[in-house]
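Before any comments, here is the structure.
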Amino acid sequence: MQILDGKLVAQAVKDDLKQKVTILKQEGKKTPHLAAILVGTNGASETYVASKVKTCEEIGYASTLIRFEDTVDEATLLSKIRELNEDAEVDGILVQLPLPKQISEEKVINTIVAEKDVDGFHPSNIGKMVQGQPAYIPATPYGILLLLDHYKIETKGKHAVVIGRSNIVGRPMSILLSQNSPTGNCTVTLCHSHTKNLKELCLQADILVAALGRPEFLTVDMVKEGAIVIDVGITRVEDKTKKKGYAIKGDVAYETVAPKCSYITPVPGGVGAMTIAALMQNTYQAVIR
Ligand code: GUN
């Protein structure tokens, strides 16, 4: 069993981007600038956004963090997005999800101009991605592809089973894994809460992507010997023995599943680290394009 070390690969991606940004600066070109909008004080969202801003600093990007109270009205938020759309200084815009109930995520996503949609959530980017055209690819699936690519994992002809059909991870992941590309080329089954015989389908998987957000859902009896397991889960579970009062749990029961796999991503240090690296890659592309 080999661990797919997201931390290590993410560092390599970030080091590469750091060098590229130094060159951009030396050539007098524009420094990539990411604007992140955070609404409310959700603990996990706070952590993710702080990490995105910190990574910008590490690489040498400019960043702006814009915060709103969780009572903010939709019009105010949309107006800020339009302002950022027009701001030539800003290359990439992200609005951290989820959003409070009074705000339509769909309207927010549709308001960000596709050229600055470094999350790859805009219908125009999703449409292009589906057709294999150049587009921003949602950061988590993109990060997983970078990880598969780094470890030279052959996907051709393999059966990939993706659990979870979210617009952010499961659905785009299923499409990308089925594309005729070195990191796609699988036969893909997309499973969700209404899938019958989930265990039987999982047992057929050469590549198993767990992205449903239920801690330790995938157990050893659901995994074929030698499978490649990608764990997208990052749920906070109360744990009084930890300083923060919680532990981060993946969707995979790691201790028992890992010995059965050929490759597996740990949590933390797997997919999460890659997501931020992929976002940084998209932000660089926003300048280059
Ligand atoms: N919430 C969970 N994952 C993501 C992500 O990749 N981007 C944004 N904007 N919000 C998220």
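The values are calculated or read from the model by the stated rules, or taken from the named source; none is laboratory data. All figures in this text were calculated on a predicted structure; none of them were measured in a lab. Every residue, glycine among them, receives a Cβ derived from its backbone with ideal geometry; neighbour counts consider all protein chains shown. The area values use the complete protein model at the heavy-atom level, side chains included, leaving out ligands, DNA and RNA. Shrake-Rupley method; radii C 1.70, N 1.55, O 1.52, S 1.80 Å.
Nearest 10 degrees is fine. How inclined is helix 271-288 to the longest principal axis of the chain, computing both from alpha carbons?
Helix 271-288 sits at roughly 40 degrees to that axis.
Can you send over the carbon and sulfur percentage of the accessible area for the stretch 154-253, probe radius 1.4 Å, protein chains only?
It is 50 percent, rounded to a whole number.
Using Cα-Cα distances under 8 Å and only pairs 6 or more residues apart, what relative contact order does the stretch 1-64 have, in percent?
Relative contact order, the stretch 1-64: 39 percent.
Taking every alpha carbon pair in the chain, what does the distance histogram look like in 5 angstrom bins from 0, in percent?
1, 6, 12, 16, 18, 17, 14, 10, 5, 2, 0, 0
How many angstrom lie between the C-alpha centres of the stretch 201-223 and the stretch 36-60?
With the stretch 201-223 and the stretch 36-60 each reduced to a Cα centre, they are spaced 29 Å.
May I ask which residue of Met1, Gly132, Leu24 lies farthest towards the positive end of the charge dipole of the chain, with charges of +1 (Lys, Arg) and -1 (Asp, Glu) on Cβ and the Cα centre as origin?
Of the listed residues, the answer is Met1.
Quick one: ranking Glu200, Glu255 by accessible area, 1.4 Å probe, largest first, what do you get?
If we order Glu200, Glu255 from most to least accessible, we get Glu255, Glu200.
Taking Cα atoms, how many degrees apart are the long axis of helix 43-59 and the longest axis of the chain, rounded to 10 and kept between 0 and 90?
70 degrees
Please find the FRET efficiency linking Asp239 to Thr41, where r is the Cβ-Cβ separation and R0 is fixed at 22 Å, and quote it to the nearest 0.05.
Computed FRET efficiency for Asp239 and Thr41 comes out at 0.55.
From Cα pairs below 8 angstrom and at least 6 apart in sequence, can you work out the relative contact order of the chain, rounded to a whole percent?
Value for the chain: 21 percent.
Only Cα pairs under 8 Å and at least 6 apart count here; give the relative contact order of the stretch 43-119 as a rounded whole percent.
So the answer I get is 30 percent.
Just to confirm the number: angle between the C-alpha axis of helix 74-86 and the first principal axis of the chain, 0 to 90 degrees, nearest 10?
Rounded to the nearest ten degrees, it is 70.
Quick check: from the Cα gyration tensor, does the stretch 179-289 come out rounded (a/c under 1.5), prolate or oblate?
It is oblate, given that a/c is not under 1.5 and a/b is not larger than b/c.
Could you work out what % of the accessible surface of the stretch 1-86 is carbon and sulfur, using a 1.4 angstrom probe and leaving DNA, RNA and ligands out of the count?
50 percent
Within the stretch 34-131, which trypsin sites (Lys or Arg not before Pro) sit in a loop by DSSP and count at most 10 neighbouring Cβ atoms inside 10 Å?
Lys101
Any chance you could look up the accessible area of Tyr142 with a 1.4 Å probe, heavy atoms only, rounded to 10 Å²?
Spelled out: Tyr142, probe radius 1.4 Å, area about 40 Å².
Let me have the 222 nm mean residue ellipticity of the chain computed from DSSP H runs of 4+ only, each contributing -39500 (n - 2.57), with the sum over all residues rounded to the nearest 500.
-12000 deg cm²/dmol
May I ask you to evaluate 6.51 cos²θ - 1.76 cosθ + 1.60, the Karplus curve with θ = phi - 60°, for each residue of the stretch 194-207 and list the ³J(HN,Hα) values in order in whole Hz, giving x for glycine and proline?
Working through the residues one at a time gives 9, 6, 8, 6, 4, 4, 4, 5, 4, 5, 8, 6, 7, 10 Hz.
For the chain, report the accessible area per residue in Å² (1.4 Å probe, heavy atoms, rounded to an integer).
Counting only protein heavy atoms, the per-residue value for the chain is 48 Å².
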